[in-house]
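The values are calculated or read from the model by the stated rules, or taken from the named source; none is laboratory data. What you are looking at is a predicted structure, and each value in this text was computed from that prediction instead of being measured. Neighbour counts are summed over all protein chains in view; Cβ atoms, including those assigned to glycine, are modelled from backbone coordinates with ideal geometry. What goes into the accessible areas is simple: the full protein's heavy atoms, side chains included, and nothing from ligands, DNA or RNA. Shrake-Rupley method; radii C 1.70, N 1.55, O 1.52, S 1.80 Å.
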Amino acid sequence: MRWPTTIILALAMMLAACQPQPVGTASGNTHQADTGGSAAGDLGPPQGDPILAVLTSAPNVPPPVDRDYPAKVIVDMEVRELDMEISEGVTYTFWTFGGTVPGSFIRIRQGDTVEFHLKNHPDSKMPHNIDLHAVTGPGGGAASSFTAPGHEAVFSFKALNQGLFVYHCATAPVGMHVANGMYGLILVEPPGGLPPVNKEFYVMQGEFYTVGKYREKGHQPFDMQKAIEENATYVLFNGSEGAMVGENAIKASVGDTVRLFVGNGGPNLVSSFHVIGEIFDKVFQEGGTRYQENVQTTLVPAGGSAMTEFRVDVPGTFIIVDHSIFRAFNKGALGMLKVDGDDNLLVYSGKEVDNVYLGDKVAADELSIVRDVTQAALTGSATKEQKIDAGRVLYNGTCSVCHQQDGEGLAGVFPPLANSDYLMADTRRAVEIVLNGLVGPVTVNGSPFNSVMPPMSQLNDDEIANILTFALNSWGNQGDAISSDDVAQVRAATERPKGAAD
Amino acid sequence: MRIFIGLIAVVSLSGGFSKYSIANEYVKIPAGEFRSVIPEVDGDNLVAVAEFLVQEAPVTNAEFLRFVLHHPEWQRGRAVSLFVDDQYLSTWASPISLGPHSGPQQPVMQVSWFAANAYCEWQDARLPSWYEWEYIAAANDSMADARALPEWRQEILSWYSQLGGDQIVDVRSSPANYYRIFDTHGLIWEWVDDFNAFLVTGDNREQGGADQLQFCGAGAITMQEKENYAVLMRVAMLSALEARYTTRNLGFRCARQNEIKQ
């Protein structure tokens with residue numbers, strides 16, 4: 001019953017798509033009157049009672065303004081300096097607007113008068129201020145909002161221009177305040193509001209510079225030198241590696257129109273924002289008024305934004321990335337949009353496998369297994385079974401992309417690990433290959449392979465030990481457990497290829 | 001009644017004080033020249049500092065308690081609100097007792113510039129000037145000016161990476177520096193006499209405006225020596241303050257015989 005309906009619908013859509021379109025009316029790129037800019041934005045004095053702005057933390061967005069007059073809006077924002085997780089087992093001292101990275105989302109209407117209260121928590125060590133790109137005036141409010149710990153600054157501005165604007169801290173050194181997470185978005189709606197959509201989300205990219213390498217455990221201080229060199233350790237959506245994956249994925253249903261308010265705090269990098277498996281129906285480039293249609297990847301400047309809209313037509317997990325792609329798979333710039341609903345095989349008939357897209361990311365709930373065994377390894381009490389369980393999670397995240405979840409590899413390209421004579425013959429060699437990579441011809445189970453495996457030395461000893469223990473005891477393989485000491489020995493005795501993590 | 005309580009406090013303090021009999025000595029600092037992060041004259045950041053004396057450690061809670069017992073007008077609740085904000089000495093248990101959150105040998109915090117100044121006057125001293133403070137704070141344990149060392153800078157930056165709400169340790173918990181001065185970095189911010197003379201704008205990116213001095217933060221952009229970054233954050237902190245302000249991580253030490261020659 002469902003089938004014919006779907007077909008009819010699909011046919012109807014195709015027909016509709018074939019109708020000639022009137023030229024120059026659908027998109028914003030031709031002969032439209034401009035919006036008048038800031039000159040049109042002074043919509044008179046604020047009316048009615050003052051309104052306390054609803055602030056939300058990412059990925060949530062406050063409800064539409066839904067108001068046909070300019071009001072006085074009070075924004076009450078607290079600056080907090082907080083230790084939070086930047087990646088599993090890694091903490092960082094974030095400086096935040098509202099206790100989260102990115103900072104709270106502010107939503108107002110063009111012509112509103114904003115009375116901004118910036119409170120710097122008494123526990124703060126640093127003075128802070130705020131520069132809102134939505135402000136017309138020198139410094140964007142920064143000079144008026146400079147606030148010592150335990151104090152509050154108040155200033156007012158009128159939102160003359162509509163658009164999606166970044167705000168950030170501008171206290172010296174500006175770069176460090178931004179690098180520690182002090183940025184967020186303020187949306188100034190046009191007087192008539194934005195067209196309604198089914199789902200709205202807040203996604204903000206920013207990169208982090210830590211003394212330790214990517215995913216090195218423990219508390220990581222800020223590294224000024226790396227920041228100056230623009231050599232980011234992490235590139236993240238919404239302030240942590242787990243912020244938008246697994247259970248924290250943003251969610252929609254088939255048929256929904258989704259609007260993403262995308263910001264980029266920087267401090268340095270420009271984002272090539274992309275959703276794998278989706279095409280943006282509309283992109284309001286740089287958070288401005290006009291839109292481009294049918295866009296695959298949109299550039300989001302540091303200190304800039306974009307609004308993207310798209311209808312989700314098929315269910316599944318859509319991966320959100322910075323398409324400067326090493327950032328996605330090696331620095332954490334990954335998020336997920338999970339869409340539920342019925343398959344539409346006419347649109348997409350593929351079988352979806354999360355792990356392929358996940359790279360070396362694993363779902364947040366699975367990480368607890370890894371955490372438990374890491375803890376056990378520290379006390380020397382990890383059992384072989386625990387190591388295998390933890391290894392499976394890590395394998396599915398990191399290794400299965402090439403060697404496949406069933407360990408069979410891909411004929412002629414990626415050697416199999418299942419029932420592999422090459423793997424089982426020399427476990428020390430296996431450790432070496434994981435650590436240092438492998439280039440050149442090998443013969444596995446009688447078949448020749450000549451390919452490149454990159455070094456995986458960014459994994460720690462424990463993680464490598466678990467992955468190998470899993471591989472040596474899965475898919476028909478029967479072998480010993482590898483200990484992290486075994487890996488540490490090989491790590492000490494061999495040299496990493498140039499450019500690999502130590 | 002109040003006098004009576006005060007007396008008990010004095011007695012019990014002096015009883016407990018022998019345990020902490022370390023006097024906060026004034027250490028003689030030789031005259032010298034150094035390059036400041038804040039140029040006195042446009043383009044020339046070489047600053048001469050005359051010989052002066054400075055306390056080896058920040059003033060402690062116990063020391064400041066003794067002061068307010070002698071000078072009740074500086075007790076919490078009595079101090080004039082023009083001179084202190086409402087968080088003045090708020091971590092103390094009462095106006096004349098420290099309580100569990102303020103150890104006697106921890107640096108006194110939540111004190112305003114006015115209060116710090118009054119304390120130093122009581123000591124026949126004054127607050128150090130920024131240049132004096134910067135001069136002694138440029139040292140590490142073996143060099144008078146260690147600012148070019150990456151470790152020196154990283155140590156300061158990692159203090160910035162620790163939360164302000166964290167437990168404050170006693171003064172002198174870290175080794176003294178080249179001048180036998182303790183805790184210039186890594187413990188608290190410190191008031192200086194001329195903290196409001198920087199004319200640093202709250203927006204630290206303005207530069208090249210009418211007043212060149214107004215841009216210390218922009219100096220962060222244009223400066224050539226990156227190590228200044230770390231010290232400039234202290235300037236930024238001081239410039240965020242008003243003289244009556246008090247904050248959780250802000251204390252002071254006193255100095256004597258001030259003279260800065262050009």
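Report the accessible surface area buried between chains B and A, summing both sides, using a 1.4 Å probe on protein heavy atoms only, in Å² rounded to the nearest 100. Accessible area lost upon association: around 2800 Å².
When the Cα convex hull of the range A:229-315 is projected onto planes of every orientation, the mean area is 6.2 nm². Measuring max minus min along each principal axis, the C-alpha atoms of the range A:112-183 give extents of 34, 23, 18 Å (largest first).
The P(r) of the range A:190-283 has a tail past 19 Å containing 53 percent of all C-alpha pairs.
With every protein chain in place and a 1.4 angstrom probe, the accessible-area ranking of A:LYS125, A:LYS158, largest first, reads A:LYS158, A:LYS125.
Kindly provide log₁₀ I(q)/I(0) values, in the same order as q = 0.28, 0.30 Å⁻¹, from the Debye equation applied to equal alpha-carbon scatterers of the range A:45-95. Result of the Debye calculation: -1.13, -1.17.
Taking all protein chains as shown and a probe of 1.4 angstrom, B:HIS101 keeps an accessible surface of around 140 Å². With a threshold of 31 Å on the Cα-Cα distance, the over-threshold entries among A:LYS158/A:LYS226; A:LYS72/A:LYS226; A:LYS251/A:LYS331; A:LYS125/A:LYS226; A:LYS217/A:LYS384; A:LYS226/A:LYS251 are A:LYS158/A:LYS226; A:LYS72/A:LYS226; A:LYS226/A:LYS251.
In a reduced charge model with +1 at each Lys and Arg Cβ and -1 at each Asp and Glu Cβ, the range A:186-227 shows a dipole moment near 280 debye about its Cα centre. When the P(r) of the range A:114-251 is calculated, the portion above 26 Å amounts to 37% of the C-alpha pairs. Only Lys, Arg, Asp and Glu carry charge here, each on its Cβ (+1 for the first two, -1 for the last two); on that basis chain A has a dipole of about 580 debye about its Cα centre. The listed residues A:LEU299, B:LEU250, B:LEU53, A:LEU410 rank as A:LEU299, A:LEU410, B:LEU53, B:LEU250 when sorted by accessible area, largest first, using a 1.4 Å probe.
With all protein chains kept in place, the per residue accessible area of the range A:227-340 amounts to 34 square angstrom at a probe of 1.4 angstrom. For the pair the range B:66-130 and the range A:191-247, the centres of their Cα atoms are 42 angstrom apart. Our Cα-only numbers for the range A:420-477 put the radius of gyration and Dmax at 11.6, 32 Å. A:PHE116 sits with roughly 0 Å² accessible to a 1.4 Å probe, with DNA, RNA and ligands left out of the calculation. Per-residue shielding of A:160-172, expressed as the average number of other chain Cβ atoms within 10 Å of the residue Cβ, stands at 3. Between A:GLU152 and B:ASP44, the simple spin-label model (points 7 angstrom out along Cα→Cβ) gives 4.8 nm.
The smallest convex shape that holds all Cα atoms of chain A, its convex hull, gives 182 Å³ per residue.
If you take all C-alpha pairs in the range B:16-154, what percent of them are over 28 Å apart?
Summing the P(r) of the range B:16-154 above 28 Å gives 32 percent of all pairs.
Counting only other chains, what is the mean number of Cβ atoms within 10 angstrom of the Cβ of each residue in peptide B:78-87?
1
Note on B:TRP74: accessible area is roughly 30 Å² with a 1.4 Å probe, heavy atoms of protein only. Would you mind checking the range A:125-161 for residues with the amide N under 19 Å from a putative spin-label position 7 Å along Cα→C-beta of B:ALA243? The answer is A:148, whose backbone nitrogens lie closer than 19 Å to the label point. Ordering B:PHE195, B:CYS120, B:ALA176 by Cα displacement along the dipole of the range B:79-199 toward the positive end leaves B:ALA176 in first place; charges were set at the Cβ atoms of Lys, Arg (+1) and Asp, Glu (-1).
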